[in-house]
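The block underneath contains the structure these notes are about, expressed in structure tokens.
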Amino acid sequence: MFTAPIKIHFFEDLSLGMHERSMHTVTSSDVVKFATLSGDHNPIHLSEHFARKTRFGGRIAHGLYTASLISAVLGMYLPGPGAVYLSQTLNFRAPVRIGDVVTVIVQVTELISEGYRCKLSCECIVDGKVVLDGEALVMVPARNPVRRAPAPAVKPPEKAAAKKAAKKTVKKIKAPAKRPPAKKSLAKKRPTKARSKP
């Protein structure tokens, strides 16, 4: 079990290269309890008779049980209480057996001020051999968080479109101009003369 005192780090306390390690001995009862909690009762973890016939030659711990030891270090020591998991990659390199002493090492590799996030490399080692590695991304509490003004409310597109349409002035369609009446000729009609018969 982890016995070191809890360590609390705020985002402002972290720096690249900071690291923490812890050791844990895998017991049969740990594996049985993890099977009960997770619902994974694969006999390779629980039955020595079954596991002896596999290529491992004996019982092995659940891969995610070993990964959970990383979670314990992140949540208790670095960054510590208040840290929230965002993502974790895992590469399972070798089996972990009952009785193995697992050394967990986490190290800060990147600090992202936007959102107070921290990336850490993670390794689980047994007898000098890496049995699991990966990268964690966690959100870390800030000692002096920057208060940001709330973003302006965005109007629903339907209302915005309706309001925009209402603002538009309705163009009046002019009727085509009437043609002016044709001007009457001012020339007087000449009276027609009656022709005399010869």
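We did not get these values from a lab; they are worked out from the coordinates using the rules stated. These figures come from a predicted structure and were not determined experimentally. All Cβ positions, glycine included, derive from the backbone under ideal geometry; neighbour counts span all protein chains shown.
Along each principal axis of its Cα atoms, how long is the stretch 1-147 end to end? Whole angstroms, biggest number first, please.
59, 29, 26
Report the residues of the stretch 98-118 in range of a label on M23: point 7 Å along Cα→C-beta, backbone N strictly under 19 Å from it.
98-107
Which ³J(HN,Hα) values in Hz, rounded to whole numbers, follow from the phi angles of the stretch 65-72 under the Karplus curve 6.51 cos²θ - 1.76 cosθ + 1.60, where θ = phi - 60° and Gly and Pro get x?
5, 4, 4, 5, 5, 5, 4, 5
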